[in-house]
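The next block holds one structure in the form of structure tokens; read it before the comments.
We did not get these values from a lab; they are worked out from the coordinates using the rules stated. Bear in mind the structure is a predicted one, so any value in this text is a computation, not a measurement. Cβ placement follows ideal geometry from the backbone for every residue including glycine, while neighbour counts extend to all protein chains displayed.
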Amino acid sequence: MGNGTSKLDSVAQWCMILLIGLLPIFFVPVLWITIVQAKAALIVVLLAITAVCWVAARFLEGSVRIPASLILAAGLLLPIIYATSVLVSGVSQVSLVGTGVEQDTLAFACILYAALALSALIFSGAPEARVRAIRGLYIGAAILVGLEIFHFAMPQFGFGGAIAGQTGNAFGNWHEFAIILGLFTILGLSLRESQAAEGIWRYLIWAVSLASVLLLIVANFFDVWAAVAVACAVGLAFELMAQRAKSGHVSFSWKTHGEWGVLIILAVFLMVFGSFITNVMPSQIRVASVEVRPSWQGTIEIGSLSLTEPASLFFGAGPNTFGREWGLYKPASVNQTAFWNTDFNAGVGSIPTSFVTTGIIGILVWILFVGAILLTAGRSLIRHTKAHGAPDVLYASSFGLAALYLVVFYILYVPGPALSALVFIFAGLLTASAAGAGITGLIYLRVRGEGWQGIAQAIGLILFGIVVLATSLGISRVLAAEMLLNKSIIVYNQTQDVQRASDLIKKALKVYPSNTRAHRAAVQLGLVQLQQLIAKGDPEDEAVRAQLQTTLQETIQHGLDAVAINGDDYQNWLEVAGLYQQLAGVKVAGAYENARAAYERARQENPSSPVPLFQLAQLEIIENHPDLALQNLAAAVQLKQDFAAAYYVASQIYASQNNLKDALSTAALAAQYASNDPLAWFNAGSIAYAAKDFQNAAAALERALTLEPNYANAAYVLGLTYAELGRTADSIKIFEALNTIDPNQPVVQQALANLRAGRLPVAQNPVPNR
């Protein structure tokens with residue numbers, strides 16, 4: 001029995017060490033598995049194995065050794081409050097598991113607590129495993145920074161497309177990459193005198209730390225430099241306090257404490273002058289990274305508008321529902337920005353987002369959890385000043401500093417799965433080391449004892465294992481479906497093979513039938529299949545007609561399934577509406593009414609977006625309801641005053657009604673708000689030409705040709721316009737140029753002949769539509 005327990009514990013330890021070491025670098029070098037998905041899969045698989053082995057070992061041993069830590073107790077409240085919020089707000093796929101990579105779901109809350117608990121439970125009884133974990137982390141870190149340096153030197157190697165672009169790296173987005181570089185640096189300095197940094201490992205940790213600082217200069221994020229500066233200042237302060245406790249006086253020495261001092265000075269300098277330094281870097285390493293998310297004010301405003309009922313005020317709108325609340329209560333000013341059509345699924349940071357999704361109780365639990373980390377880290381750092389180099393205390397203080405550094409970004413940022421897991425793993429390592437150093441106590445439980453206490457403890461242990469295993473399997477299932485869907489999209493984009501892409505979507509839906517994104521993709525592919533069948537098949541052939549009917553029914557069903565699974569997502573309603581709009585175009589009975597109803601529901605779910613109104617206007621045009629279309633377009637521009645597409649369509653409607661005055665004004669607005677779109681300028685020019693406003697027509701058409709020199713229709717109308725203005729020579733030049741773009745067109749040849757004979761290019765001047 002003892003041998004079996006030892007083997008199971010060994011497997012559990014090595015799984016946690018592998019998780020810590022692989023998190024920085026794990027990815028799959030294929031396009032259809034994103035780095036985020038690969039890391040989420042790694043987390044759930046290794047944690048599931050760890051949990052099963054550890055629980056089995058505890059039953060074989062008959063007892064459990066648990067650190068008496070406020071961190072573990074406060075952390076346990078997180079999945080509990082997420083579960084409560086799910087029950088209060090209504091159980092939904094979005095809140096339970098989402099797409100497998102969001103951290104604001106019940107499933108991922110359970111996984112993050114598992115990472116915290118298992119790292120605390122496993123490493124508290126195995127000091128040597130903590131050393132292996134640190135070394136494993138720095139092996140992974142060395143590979144990560146090495147890959148990034150190689151990527152800068154040889155950007156053409158994209159590792160199967162997984163690491164692409166200037167900001168491509170093996171960890172996550174560019175901001176997350178900078179955050180983990182800061183972690184490597186701070187932890188490396190904290191542990192430079194520890195057992196983990198002995199021998200050759202010292203050189204590895206120093207090399208990684210130095211490379212991390214250099215890459216941080218390239219990345220240059222103000223918040224990361226600020227966090228590094230504060231963490232280094234704290235580390236230096238406590239080292240000086242430890243020196244005073246040991247020798248009786250404080251004396252800063254560049255030889256002893258210089259690393260902290262240099263890093264503080266560098267961080268502060270780059271907080272001020274970082275942008276200037278970045279601008280003078282060689283172009284190959286001058287990285288431009290754009291990241292947008294709601295502000296503090298926007299996040300709080302969404303919360304104040306959405307949490308109006310007592311239940312939602314205390315327990316939130318539901319885990320992972322920030323995106324829906326954003327659509328319902330988005331500030332009107334956002335529609336006037338470049339990100340008006342961006343669906344934000346989180347607020348300014350992960351913890352502020354939880355205020356919206358889990359309410360007052362949820363945010364209080366987060367405050368308690370962060371406070372527990374702060375308290376334990378503070379106690380560990382204070383003990384470090386008195387312990388005179390005791391190993392467990394050194395590890396506890398180092399992990400405490402690292403955990404505080406990471407948890408700051410849970411407040412200020414929205415980390416991905418890998419960085420989120422590291423936050424909880426380091427909180428667990430802090431808990432384990434604090435217990436080993438005697439900063440916190442230990443609790444021993446008997447899981448095979450008699451009486452209700454033993455039974456309750458055994459049930460608790462079993463429940464822990466079941467929850468971790470069930471959530472791991474649930475997330476794995478969703479991730480597998482998402483990966484198959486990604487592969488379907490890539491296959492279609494690369495090969496245009498509708499059948500193969502459809503087969504992959506069917507596999508994705510077999511794995512996880514509640515994947516609304518897969519259902520929406522199936523609708524889009526179904527429409528393509530219908531178009532192909534209509535174009536290639538004989539409508540009188542019974543087999544073709546049967547296939548058309550089957551494809552149509554399946555496509556409609558996918559749309560209906562999407563809204564049945566998540567009727568709160570306006571994207572699902574837009575997809576259904578678009579499907580029925582296509583059917584309305586070929587006069588399918590009831591399609592128009594269904595499309596209108598779906599657009600109205602999309603408006604209900606996202607009232608601040610002009611897109612449903614714009615698409616509803618297009619539906620009314622199909623049904624020959626121009627007045628209704630104009631009403632919807634007017635409503636759309638009320639929401640977004642610079643909505644160029646709405647002005648463009650309105651100008652086309654006015655022109656078709658021969659209302660050239662309104663057509664001119666709306667066409668001018670379309671060109672004004674889409675000043676780099678040649679079609680908008682051509683539209684304005686052709687309408688001005690039809691209204692005999694030849695001066696403005698010429699100016700608009702010249703602008704269109706400046707943007708798109710080979711725009712044949714714009715050149716044709718400009719040639720006609722020059723002729724009307726009496727600029728015959730310019731008109732001839734335009735038509736001669738047009739003749740080189742599209743040689744030997746009869747209409748161009750005739751126009752040139754007429755102009756050279758002193759006549760207008762054509763007897764009646766038709767204007768092309770595009």
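Here the chain is assigned +1 on the Cβ of each Lys and Arg and -1 on the Cβ of each Asp and Glu. Its dipole about the Cα centre then comes out at about 1960 debye. Mind checking the angle between helix 626-639 and the chain's longest principal axis? C-alpha axes, 0 to 90 degrees, to the nearest 10. Result, in degrees: 40. A straight chain from Arg756 to Glu291 at 0.36 nm per residue would run longer than the Cα-Cα distance by 161.6 nm.
Think of segment 2-471 as having a plus end and a minus end, set by charges on the Cβ of Lys, Arg, Asp and Glu; of Asn335, Thr84, Ala40, Ala40 sits farthest toward the positive end of this dipole. According to the square roots a ≥ b ≥ c of the eigenvalues of the Cα gyration tensor, what is the shape class of segment 158-297, taking rounded for a/c under 1.5, prolate for a/b larger than b/c otherwise, and oblate for the remainder? In terms of gyration-tensor shape, prolate.
A straight Cα-to-Cα reach below 19 Å connects Lys330 with the lysines Lys640, residues fewer than 8 places away in its own chain not being considered.
The ranking of Arg324, Arg517 from fewest to most other beta carbons within 10 Å of each one's beta carbon is Arg517, Arg324. Residue-wise HN-Hα couplings along segment 42-52, as the Karplus relation 6.51 cos²θ - 1.76 cosθ + 1.60 with θ = phi - 60° gives them from phi, are 4, 4, 5, 5, 5, 5, 5, 4, 4, 4, 4 Hz; Gly and Pro carry x. Each of Leu560, Gln457, Leu381 was scored by the projection of its Cα onto the charge dipole of the chain, and the greatest displacement toward the positive side belongs to Leu381; charges sit on the C-beta of Lys, Arg, Asp and Glu. Residue by residue, segment 174-180 carries 3J(HN,Hα) couplings of 5, 5, 4, 4, 5, 4, 6 Hz when phi is fed to the Karplus relation 6.51 cos²θ - 1.76 cosθ + 1.60 (θ = phi - 60°); x denotes Gly or Pro. The alpha carbon radius of gyration of segment 610-675, expressed as a multiple of 2.2 N^0.38 Å, is 0.99. Charges on Cβ only, +1 for Lys and Arg, -1 for Asp and Glu, centred on the Cα centroid of segment 147-247; of Phe222, Ser209, Gly168, which one is farthest towards the dipole's positive end? Projecting each Cα onto the dipole axis, the largest value belongs to Ser209. Counting only alpha carbon atoms, the long axis of helix 660-673 and the longest principal axis of the chain meet at about 30°. Its DSSP H runs of at least 4 residues, each contributing -39,500 (n - 2.57), put the calculated 222 nm mean residue ellipticity of the chain at -24500 deg cm²/dmol, to the nearest 500. Between the helical axis of 127-153 and the longest alpha-carbon principal axis of the chain there is an angle of about 30 degrees. The distance separating the Cα centre of segment 477-533 from that of segment 420-438 comes to 42 Å. Cβ-to-Cβ counts within 10 Å put Ile565, Ile363 in ascending order as Ile565, Ile363, the fewest first.
Using alpha-carbon positions, what is the distance between the centroids of segment 141-185 and segment 710-740, in Å? Spelled out, the Cα-based centre of one part sits 52 Å from the other. Taking every C-alpha pair closer than 8 Å and separated by at least 6 residues, the mean separation divided by the residue count of the chain gives a relative contact order of 13 percent.
Sorting the segments 686-696, 549-559 by their mean number of nearby beta carbons within 10 angstrom, highest to lowest, gives 686-696, 549-559. Amide H contacts of Ala68 (H built 1.01 Å from N, in plane; Pro and chain starts excluded): Gly441, Leu442, Ile443 sit under 5 Å, all sequence-distant by 5 or more or on other chains. A Förster radius of 60 Å, combined with the Cβ-Cβ distance separating Glu593 from Ala153, puts the computed FRET efficiency at roughly 0.50. Note on Gln604 and Gln499: their simple-model spin labels are 4.1 nm apart, each label 7 Å out from Cα toward Cβ.
Ordering Val334, Val101 by the number of other Cβ atoms within 10 Å of each residue's own Cβ, fewest first, gives Val334, Val101. Potential lengthening of the chain between Ala338 and Asn659 amounts to 112.4 nm, from the contour at 0.36 nm per residue minus the alpha-carbon distance. Subtracting the Cα-Cα distance of Ile277 and Gln553 from 0.36 nm times their residue separation leaves 93.4 nm of extension gain.
Placing dummy labels 7 Å off each Cα toward the beta-carbon, the span from Ile455 to Ala233 is 5.7 nm.
Listed by chain and number, the aspartates and glutamates whose alpha-carbon sits under 20 Å from that of Lys536, ignoring those within fewer than 8 places in the same chain, are Asp497, Glu554.
Annotation: lysines with alpha-carbon distance below 28 angstrom to Lys255 (same-chain offsets under eight excluded): Lys246, Lys386.
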